[in-house]
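Right, one structure below, let's go through it.
The values are calculated or read from the model by the stated rules, or taken from the named source; none is laboratory data. Because the structure is predicted, anything quoted here is derived from the model rather than measured. Every residue, glycine among them, receives a Cβ derived from its backbone with ideal geometry; neighbour counts consider all protein chains shown. These area figures cover heavy atoms from the full protein model, side chains too; ligands, DNA and RNA do not enter into them. Shrake-Rupley method; radii C 1.70, N 1.55, O 1.52, S 1.80 Å.
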Amino acid sequence: MSKLITVFGATGQQGGAVSRALLAKGYKVRAVTRSPDSPKAKELQAKGAELVQVKNMDDVASLEAAIKGAYGVFLVTNYWGMFAENPVTAYDREIAQGKAAGDLCKKLGVKHLVYSGLEYVKEIIGKPCPHLDSKGLVEKYLDENGIPNTSARYPFYFDNFATMLSPQKNDDGTYTLTLPAKKAMDGVSVEDAG
């Protein structure tokens, strides 16, 4: 019998790639999404995923229902989505969501939680970087509380060149890609990351 893995953000870039990779390897996937009627959700369902709706990750009861019975959990939180809703509360909300999910994984006997984390910049260099620090604080919490976990730290997605960083066409037919950098930048395909 294959193991059940709950994947948060299953219709997003990270969670979608993880869901597809797990399904291809024969795992059962519980795909957590805000919109189970979306085309991406239906595509995962057609590949065998169980769809679970969690409209708001602040709702601990919804998180518990999504996690209960899972062998493992892939957790991604969405700082920028929360920032768009309210820039003042995004940092604290992301930390609270990560801690709540971690606590539930421990309470419900999840064997392993994979958290999509990032560096705790303030601890490293003494200067805050909220969209990284919130994830770094969740990583620290998971480790300190004995929750079996691994942090996956993804670099830049090459796929972003086709969306938010797409080259701009100039009048002469050439293209310009504006990406200020003085050093090489690590990157990965979303599918490879999954």
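Name the one entry in VAL114, VAL121, VAL110 that is farther than 19 Å from ALA10 by Cβ and touching a Gly at 6+ places or on another chain (Cβ under 9 Å). VAL121 is the lone residue from the list that is farther than 19 Å from ALA10 by Cβ and touching a Gly at 6+ places or on another chain (Cβ under 9 Å).
Taking the range 141-166 as the range and being buried (at least 16 other Cβ atoms within 10 Å of the Cβ) and under 25 Å from VAL88 (Cα atoms) as the test, the residues that pass are TYR141, LEU142. Of all residues in the range 1-13, those satisfying the criterion of being open to solvent by 40 Å² or more (accessible area, probe 1.4 Å) and in contact (Cβ under 8 Å) with a residue 40 or more places away in the chain are LYS3, GLN13. Between a residue in the range 21-42 that is more than 20 Å from VAL190 (Cα to Cα) and any residue that is assigned to a helix (DSSP H, G or I), which pairs come within a Cβ distance under 9 Å, given they are 6 or more apart or on different chains? Hits for this filter: LYS28/LEU22; SER35/ALA41; PRO36/LYS42; PRO36/GLN45. The one condition from (1) crowded, with 16+ Cβ neighbours inside 10 Å; (2) closer than 19 Å to HIS131 by Cβ; (3) β-branched (Val, Ile, Thr) that VAL73 does not meet is (2). Inspect the range 122-133 for any residue being under 22 Å from VAL60 (Cβ atoms), buried (at least 20 other Cβ atoms within 10 Å of the Cβ) and touching a residue at least 24 places away in the same chain (Cβ under 8 Å) and give the result as yes or no. No, there is no match, as no residue in the range 122-133 is under 22 Å from VAL60 (Cβ atoms), buried (at least 20 other Cβ atoms within 10 Å of the Cβ) and touching a residue at least 24 places away in the same chain (Cβ under 8 Å).
Counting only residues that are open to solvent by 70 Å² or more (accessible area, probe 1.4 Å), under 18 Å from LEU118 (Cβ atoms) and of a type in the set (A, V, I, L, M, F, W, C), the range 76-94 holds 2 of them. Within the range 167-189, being surrounded by 12 or more Cβ atoms within 10 Å (Cβ to Cβ) and either small (Gly, Ala, Ser) or modelled with pLDDT of 85 or more (or both) holds for GLY187, VAL188.
Does GLU43 qualify as being open to solvent by 70 Å² or more (accessible area, probe 1.4 Å), among the charged types (D, E, K, R), modelled with pLDDT of 95 or more and under 11 Å from THR6 (Cβ atoms)?
In short, no.
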